[in-house]
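The values are calculated or read from the model by the stated rules, or taken from the named source; none is laboratory data. Since the structure is predicted, the reported quantities are computational estimates derived from the model, not experimental observations. Note that each Cβ is placed from the backbone with ideal geometry, even for glycine, and that neighbours are counted across all protein chains shown. Keep in mind that these areas ignore ligands, DNA and RNA; they rest on the heavy atoms of the full protein, side chains included. Shrake-Rupley method; radii C 1.70, N 1.55, O 1.52, S 1.80 Å.
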Amino acid sequence: MVPTVPPAVSPHRRPPRGTVRAYFRNIRLALSTAFDGMSVTMSYMFRRPLTIQYPDKIDKPVQEMLPESYRGVLEVDMDRCTVCLQCQKICPLGCINIESCKNPETGNREVTKFDIDIGLCMYCGLCAETCNFDALDHTREFEATVTTPDQMILHFVEKPREVTKLKAAEMPVRKHKGSILQKMIPAFGRRHPQEVWTPTAYAAAPVPALKAPTATPKPAAPVASAAPSAADSPTPEQAP
Amino acid sequence: MNIMHYLADLLVRSLFKADPATWPYTWIAYAVVIGVGALLAFAFVAIFAGPVTWIERRIAGRIQSRIGPNRNGPQGCLQWLADGIKCWLKEDLVPATADKPLYLAAPYLVFTGMFGAFVVLPFGAHVIAADLNVGLLYILAVTSLVVVGLLMAGWGSNSKWALFGGVRSAAQLVSYEVPSAFSLMAVVLMAGTLSTQGIVGAQGGWPWQWFVFRNPFLFAAFIMYFISAIAEGNRTPFDLPEAESEIIAGYNIEYSGMRFLFFLFAEWANMWIMAAVATLAFLGGWQIPGISPERIAEAKGWTFVGWQALSFAIFVFKGTCLVFTIIQIRWTLPRLRVDQLMITCWKYLVPLSMGSATGVLLLMALVREGGIVDWVMRGAMLLVGLLVAGAYIRKVRATFMADRDNYKKMEGRDLWYPPYRLP
Amino acid sequence: MTESEICDRLKAALPDAVEEFESQLLDPAIRVKPARLVEACRFLRDDPSTRMHYLRLVTGVDRLPAGETPGRIEMVYHLWSYEKRHGIVLRVHLDRDNPVADTVCGVWPVANWGEREAFDLLGVTFTGHPDLKRIMMPVDWVGHPLRKDYQRPDRYHGLPTNRTAVLEQGRVQVATAEHVAKAEPVSGYMQLNMGPHHPATHGVINFLIETDGEVLRRAIPDVGYLHRGIEKISEMVGYLGTMPYTDRVDYLGAMFTNHGWALAVEKLCNIEVPRRAEFCRVIASELNRIASHQIATGALAMDLGAFTPFLHWIREREKINDIMERICGARLTYNYMRFGGVSRDIDQVTIDEIRRWLDHYEPMMLEFDRLISGNEIFIRRLANVAVIDPDDAIAYGLVGPNLRGSGLAWDVRRDEPYSIYNEFEWDVITGTGVHGVVGDAFDRYDCRLREIRESVRILRQACERIPEGEVRTKTARIKPAANEVYTRVEGPRGECGFFVVSDGTDKPYRSRFRTGSFTAMTIIEHLSPGLMIADLVALIGSLDVLAPEIDR
Amino acid sequence: MNGSIVQVVLFYLLAALALTGACLVAFSRSIVHSAFALLGTFVGVAGLYALLAADLVAIVQVMVYVGGVLILILFAVMLTARVDEGKESNPTVGKIPGLLAMLAMAGLLVVTAVKAFGPRTVISEANPPSTVSPIGNLLLSKYVLPFEAISVLLLAVLLGAVTIASGRMRKGAGGKQEGEAPR
């Protein structure tokens, strides 16, 4: 009734039972296949291991071994951002929170807030894809450990700044990817791509001061205001 | 003459200026012998079982294309110490519903069973705690305490998974004692004694003097003993009592801290015991090639100590090779199912080991030792052993060569990375 | 047989059952009277001209139009016949306030869990259902989340349900364990919870097992521990926004869920895909299939106690991950497909890298066979264990390698072609019962292993023949007209289907992901009596179930 | 004799171990504890044998009773006593039968003790000769008939066990045969 492929051996075939030949065949097979498997494992004693000894026993930082296309923690070059809000709109999780207003004195548009909640971000890359000016992009940074949840919200605008009005051709050169981010939170600041990287340099690298809660005038409020968009969208789930 | 007794006598003579054969100095000497012997054996267990965990993890790492622990101490060789101290400092949790006395006692019983076997292991020509007349039987008897301990742990934890582990373990150990006893019986028949030193003494230093290459039945008995030893030590492919993917971890699942460590300790110690018994029964024990035991016994002073050290090294080397094989098997083979485990034991190992014992008996009756047939048999078995080793080396090389060029093309570096190069 | 012919046939047999033939839909549907549903189903299954033995999908849609209209709940049944190669959609309209339908569990056992899900998430009651209780949500959950007027509670057992509360609270209080499901006690047998945190359950799944010593009396799967409501999320975040979420449905085969979702939306919006993009999709998908099958086969070996094969496959998979990272920027959650193409081109360097890796990989497959698949212990552990015959496999909705392991040659790539798979030369693998009965656990394992070889064949051809050109068509805003579509791809865990209901807005009105693991789980309870605990582990491993794919 | 004090001390220690074990077996509330307490008795008795320079008997005592009998008892207890009712011990048979049993046992002990006050053999050597070969020789010469009778008995027990087990298997109450599809 169903398109069945005829099996190579009859499905009613049972392994020969009770015969002397089957008995010794079992012994032979068990020993010889175990022998075969052991020769494979033994050959691995002479093969190069695959493991990369993160973080210290490697030739260069892991970040530099990653391909250019790697989707790490997001970073915004505010010199190139035109506050078109495309990224905020496309983000499925609402982890990007941008606020802008018109400066009453100069009459220019000013961006007052550009927050990315990397605790909410799922690194899908839709925002970077939609950014026309290459202002928002994924870096190759992945060591994003912080101690409290609110430190996971990266504030890319410290004080209100004018929105750039330049055309794409006149845009300032994009800063080195990751260089903005490394100043943001302590975990990133530990490593500098230009330095010759050794385990000692790793330990001796100065740890920049923590910025997020102290530098911002009101630490609790931005958290609360950063989240309304997140509150409407479903609870973020990490990939298991 | 036991080296320990010799030292104890010396002690009594120099310290008390008394004849060690008079009361109470005999007992002082005995107490010293027992105490120091136990301490040394314990030290050996600790020093062996500890680093062997590290060695096993490094070997497993290599086999699995990773590195293994290499951070604590040079090349991570102190990892076992760190783990041990960590376990020691951990809280000793007792489940609220556990059967407390049984739960608390079980690890010690398991450990006692393992540790007791060390008494009769002949580490060297005269390095043995007590050369009992019933040495091999003693090992079999004492390890049965382990079974009780495991059942106790399984029951006392009041966890169904632990009970599974305990019952599986007990069933397995009780079953596999039969083929291992029969395989050892073949050796006992050849040696004519149960004493471990006697069995070693019945062999010689050269491979053709070892029992394993004496005749085909003993060769088979060696393989069967090795298999049942792995089973008795709860090692893969017979590690059902601690099958983490089936019953999570078995009898030790509820234990923590030092009590948990005792189980692991016992497991690794047991691995050594099994390897040591296989060495002494089949692989010539501590026998030094070309040096007869009499010459060692007659030696005096530093020569005597030197021979002892050499024989100790030989014994430990042989045992470690077997331990390495057990480790390699553990990281190669999958696990049997419970019914298959019993089938392997009762349908295959028990009859075959009985057969091998009978075969040895027949050959003893028919073939004169040292005669031409005997030597032909020894030569043939040695040849078989060499052929197997040769085939193994060829296979390993072919496996390596299959990937070498492609790997070079893909990664731009050599695949060759010998074991002595440690990352 | 076309859909209208099937409808005529049904009308002829049961004239009063058919209410309407909805031919305007992309997948034409027959609307039947709720009272005659079971009859119609049984007819379609048994009639020699239809013979729809396979219930592909059973799901519900909550229709709540704006305004005063009361709305309704629609139950949708996707049927398929492997034999006749045709399918039909049945639907029934139920009263929204009191949705009651007859169960079709008696016709297709696979409907059991699908109906439980509809009960759980939509509140549809099925009369005659053997075990109607919540499946995804906890037993004490209030409300049915997929109802359009559902209000999410702020807290559940003190656990905040949104991120604002988490940020405010700092630390999350652990919920109490009162809601954990308990099986009814049966005396005389040992009852055990195998899971939710058990090494062999491949994720957070619980099995309530009753054993007589080592032998199982039954094993009842209990799922929902990883339920993230991705289908609900998709109703909020729009079509493109759902794409990264599909990665999370099947994290070992994210390329396929990506692909299926892209196909569904492309079909709804009628988007063309450039040829190079199709090649990119195939290359990425087949690499992903190899990686996923490696995890499946390796993890099965690990469940049976051999740890090393698993890590050897991880080693090979690492190279795939590196290549994937170059292709799409991520190692696991690819988010590679876009509507009308892919997000990035695969450059020549990567293609050469893939070729070099394939050269290295082919001897590795032989080595793996020597290490584990040929091992006598391994074979004995799997051969003749948990045999699924083809009829059972179809009735329980098994798909992919699990179905083919039972000897049924059905591969969506060949039999319901999508993308450009029909341009390549490759074979559909079926179980042959090499070491036992056809359909045993070893066959399912063997199928996966041989499918890796077929994937390698496809990859070699695709790398050879990839044309120049664009990888993405420019698409306008995704806003399909109101319609319904069901698309399927052949994922590593079998048919991965996407049922999407659009309503003319830029967000899907309802989406339902049909995954291989969800249906594979239903057969475990049926197979478990008489197995040993160790066999159950082998069975779970050989079915290759993946917790996030079950729960979504 | 040298070291007789130590031997006496050891004797009392071992006897205490054996008796404590026996008391625990008799008086423990939990049948599982009773079964485990047998371990003490068996080991204590083995120690007494060892003290009497009967090395083979001591080892065989441990091997057979601890390794075999005790494990089987434990299995039986664990498999029959329900896990949740493991606190229940065996019921007593009543005072009069108990008294009778006690009297009979006491009589036996008195007779044995009186008989034992005869001429004693004292083991004076530090390393007494092995008892393995004499026992082996006796078993295969003088006592060959009882020895064989025991083996016949064991064979009968084995056959009985197989019959019972295979009957259960045929009913499908548990277990499956090798090679059959476990459905």
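Descriptive notes on the structure:
- Alpha-carbon Debye profile of region B:90-366, log10 I(q)/I(0) at 0.11 Å⁻¹: -0.63
- Threshold 20 Å², region D:28-71 residues less accessible with all protein chains present than alone (1.4 Å probe): D:Val32, D:His33, D:Phe36, D:Leu39, D:Asp55, D:Leu56, D:Ile59, D:Val62, D:Met63, D:Val66, D:Gly67, D:Ile71
- Here the protein assembly as shown carries DSSP beta bridges of which approximately 90% are antiparallel, counting only pairs with both residues inside.
- Figure note: A:Met152, D:Met105, C:Met52, B:Met364 ranked by solvent-accessible area, largest first, 1.4 Å probe, ligands and nucleic acids not counted: D:Met105, B:Met364, A:Met152, C:Met52.
- For region C:67-128, the solvent-accessible area works out to 31 Å² per residue, with a probe of 1.4 Å and every protein chain left in place.
- Gyration tensor (alpha-carbon) shape descriptor, region B:368-418, a/c threshold 1.5: prolate
- Cα-based equivalent ellipsoid of region C:205-330: semi-axis lengths in Å, sorted from largest, via gyration tensor: 33, 23, 11
- Gyration tensor verdict on region C:230-551 (Cα atoms; rounded if a/c is under 1.5, prolate if a/b is larger than b/c, oblate otherwise): oblate
- Region C:3-127 pair-distance distribution - Cα-Cα, 10 Å bins, rounded %: 14, 47, 32, 7, 0
- Remark: region B:368-418 carries 65 Å² of accessible area per residue (probe radius 1.4 Å; ligands, DNA and RNA excluded).
- Nonlocal amide H pairs with A:Arg48, under 5 Å, H built at 1.01 Å: B:Tyr417
- Efficiency of FRET from Cβ geometry, B:Leu362 and D:Leu139, R₀ 25 Å, rounded to 0.05: 0.75
- Share of carbon and sulfur in the accessible area of the protein assembly as shown stands at 63%, probe radius 1.4 Å.
- Phi-based couplings in Hz for region B:257-264 (Karplus 6.51, -1.76, 1.60; Gly and Pro marked x): x, 5, 5, 4, 4, 4, 5, 5
- Estimated buried accessible area (total), pair A and B, 1.4 Å, Å² to nearest 100: 3100 Å²
- Total accessible surface hidden between B and C, rounded to 100 Å², 1.4 Å probe: 3300 Å²
- Taking all protein chains as they are arranged and a probe of 1.4 Å, the heavy atoms of C:Asp131 leave approximately 50 Å² accessible to solvent.
- When C:Glu316, C:Glu272 are compared by accessible area of protein heavy atoms, the largest-first order is C:Glu272, C:Glu316, using a 1.4 Å probe.
- 3J(HN,Hα) couplings calculated from phi for region C:198-213 with the Karplus curve 6.51 cos²θ - 1.76 cosθ + 1.60 (θ = phi - 60°) are, in sequence order, 10, x, 9, 8, 6, x, 8, 10, 10, 10, 8, 10, 10, 10, 10, x Hz; Gly and Pro show x.
- Surface accessible to a 1.4 Å probe, C:Trp357 within the full protein complex, Å²: 0 Å²
- Chain-alone versus full-assembly comparison, region A:76-125, residues with accessible loss of at least 50 Å² (1.4 Å probe): A:Pro92, A:Met122
- Inter-chain Cβ neighbour average for residues B:132-144, partner chain, 10 Å: 6
- Rg then Dmax, both in Å and based on the Cα atoms of chain C: 23.1, 68.
- Shielding by partners for peptide C:78-89, expressed as the average number of C-beta atoms from other protein chains within 10 Å of each residue's C-beta, is 1.
- Relative to the 2.2 N^0.38 Å rule of thumb, region C:445-504 has a C-alpha radius of gyration ratio of 1.67.
- Options B:Val338, D:Ala58, C:Ala534, ranked by Cα towards positive dipole end of the protein assembly as shown, top entry (Cβ charges): D:Ala58
- Both chains summed, the buried accessible area for C and A stands near 5000 Å², from protein heavy atoms and a 1.4 Å probe.
- The accessible-area ordering, largest first, of the residues C:Ile478, D:Ile135, B:Ile326 stands as D:Ile135, C:Ile478, B:Ile326, per a 1.4 angstrom probe.
- To the nearest 10, the accessible area of C:Thr201 is 0 Å² with a 1.4 Å probe.
- Violating pairs (Cα-Cα greater than 26 angstrom) within the set B:Lys160/C:Lys133; A:Lys113/C:Lys479; A:Lys113/C:Lys232; C:Lys133/C:Lys232; A:Lys113/A:Lys165; A:Lys113/A:Lys177: B:Lys160/C:Lys133; A:Lys113/C:Lys479; A:Lys113/C:Lys232
- Rg and Dmax of the protein assembly as shown, Cα atoms only, in Å: 36.6, 124
- C:Leu408 long-range amide H proximity, modeled H, under 5 Å: C:Gly431
- Stokes-Einstein diffusion coefficient of region B:209-286, Kirkwood radius over Cα pairs, 4 °C, 1.567 mPa s, in µm²/s: 93 µm²/s
- Accessible area (Å², per residue) of region C:230-551, counting only protein heavy atoms and a probe of 1.4 Å: 23 Å²
- Within 10 Å of each Cβ in C:530-541, the average number of Cβ atoms from other chains: 5
- Total formal charge among the other residues, if their Cβ is under 12 angstrom from that of B:Val212, Lys/Arg +1 and Asp/Glu -1: +3
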